[in-house]
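For reference, the structure discussed in these notes is given below.
The values are calculated or read from the model by the stated rules, or taken from the named source; none is laboratory data. Keep in mind the model is a prediction, meaning the values are calculated, not measured. Counting neighbours? That spans all protein chains shown, and the Cβs are built from the backbone with ideal geometry, glycine included.
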Amino acid sequence: MNISSPLQILWGQLPWLLAGAGLGLWLVPLARIIPRKVLQSAKVPLNAWQGPGGGLEQPIPAARRIWVPMVNTSMWAYVANSVSHPAFQAVLLWACLASTLLLLALIDWDSTLLPDWVVLPLGVVGLASSYAGFTPHSLFVSALSAAVVLGLLGGLAWLFRRIKGESGIGGGDLKLLAALATWWGIVGVLYIVLWASVVTVLWYVVWRRFKGLGPQAEWPFGPAIVVAALAWGLQTAYLPTQLDADSYHGPKRTALPTLQEQVESECQALQTYSARVIEAAVRIETEGYAIR
């Protein structure tokens, strides 16, 4: 059996594995440092914000110091193998995106916070990545996607609040989805919302059944968004590029569509998505089920 090939693959991935493991170790304490700084700067008690993780005053679970570096290492290795963009910066940016999402999930799970300190730079980097050609969208389409997602979902949240008298989605969740729109576009975020809704319901039912929730704890939507976003990222790992064909000697790439083609593609996909949602709603109503 020839073992040189697996060893060569492992050796080629070693820098990414080490970087992912090192950053994963740092994510664990960072997920406590950032929300503490946010609450302290706002002069809010640490125990005022509690998620299923128990809040910021609880000790960090020992298992988290193991599985977080393992998950982060796996994500970095997968990104290094999957992203077809020839530029090292593109691969690094997408790997850092995965780590940032993991960090936000940890913060939200413990405190139900999605700090602007992390979310807003995520959107800015998404716009910069689109401008540099590291995403499938142009800068204009990425900015437009973020604005549409923020306006659409924000409007629905406002309407829900007017009807029900309570908030259906947090401001941090809206900002996170708008930031993700700069990376994946409007339709990508709509699918992320759909998947996240399913994930959070199942997650809540299982957690409530086996773990329970404290009297002051609230259920966060951010971790489900992160799970759905990472799943969507795994599905759409191939990234076209805007770089000139003579600037590198890598494999052939698919030319990026023009701005008009990108906008038309987003609109067509959005219409298809809306039609499927309406069709599913009609089918459910016909079969006699109630949507709650």
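If I ask for residues that are more than 18 Å from GLY51 (Cβ to Cβ), β-branched (Val, Ile, Thr) and touching a residue at least 24 places away in the same chain (Cβ under 8 Å), which ones from segment 158-208 would you list?
THR182, ILE186, VAL187, VAL189, ILE192, VAL193
Quickly run through segment 32-58 and pick out the residues that are closer than 19 Å to ALA105 by Cβ, assigned to a loop (DSSP other than H, G, I, E, B) and not hydrophobic (A, V, I, L, M, F, W, C).
Within segment 32-58, GLN50, GLY51, PRO52, GLY53, GLY54, GLY55, GLN58 qualify.
Do we find that TRP67 is modelled with pLDDT of 95 or more and surrounded by fewer than 19 Cβ atoms within 10 Å (Cβ to Cβ) in this structure?
yes
Give the residues of segment 83-136 that are hydroxyl-bearing (Ser, Thr, Tyr) and within 17 Å of the chain's Cα centre (by Cα), sorted by residue number.
Selection gives SER99, THR100, THR112, SER129, SER130, THR135.
Mind checking which residues of segment 82-115 are at pLDDT below 95, in contact with a Lys or Arg (Cβ under 8 Å, 6 or more places away or on another chain) and part of a helix (DSSP H, G or I)?
ASP110
What tally of residues in segment 159-194 results from selecting those that are within 13 Å of VAL119 (Cα to Cα) and aliphatic (A, V, I, L, M)?
Residues in segment 159-194 being within 13 Å of VAL119 (Cα to Cα) and aliphatic (A, V, I, L, M): 7 in total.
Pick out the one residue from LEU114, LEU104 that is in the same structural domain as TRP16 (by TED's automatic domain parsing), hydrophobic (A, V, I, L, M, F, W, C) and touching an Asp or Glu at 6+ places or on another chain (Cβ under 6 Å).
On the way: LEU104 fails: touching an Asp or Glu at 6+ places or on another chain (Cβ under 6 Å).
Every option except LEU114 fails the conditions.
Given the conditions (1) modelled with pLDDT under 80; (2) part of a helix (DSSP H, G or I), report the number of the one that GLY214 does not fulfil.
Every listed condition holds for GLY214 apart from (2).
What's the number of the only condition in (1) among the aliphatic types (A, V, I, L, M); (2) out of contact with any strand residue (DSSP E or B) (no Cβ under 8 Å at 6 or more places or on another chain); (3) surrounded by fewer than 21 Cβ atoms within 10 Å (Cβ to Cβ) that ALA87 fails to meet?
(2)
Can you find a residue in segment 41-59 that is aliphatic (A, V, I, L, M), within 20 Å of PHE210 (Cα to Cα) and surrounded by fewer than 20 Cβ atoms within 10 Å (Cβ to Cβ)?
no
Going by the conditions given, is SER145 among the small types (Gly, Ala, Ser), surrounded by 17 or more Cβ atoms within 10 Å (Cβ to Cβ), assigned by TED's automatic domain parsing to the domain that holds ALA231 and closer than 29 Å to LYS211 by Cβ?
On the way: among the small types (Gly, Ala, Ser): yes; surrounded by 17 or more Cβ atoms within 10 Å (Cβ to Cβ): yes; assigned by TED's automatic domain parsing to the domain that holds ALA231: yes; closer than 29 Å to LYS211 by Cβ: no.
No: the conditions fail for SER145.
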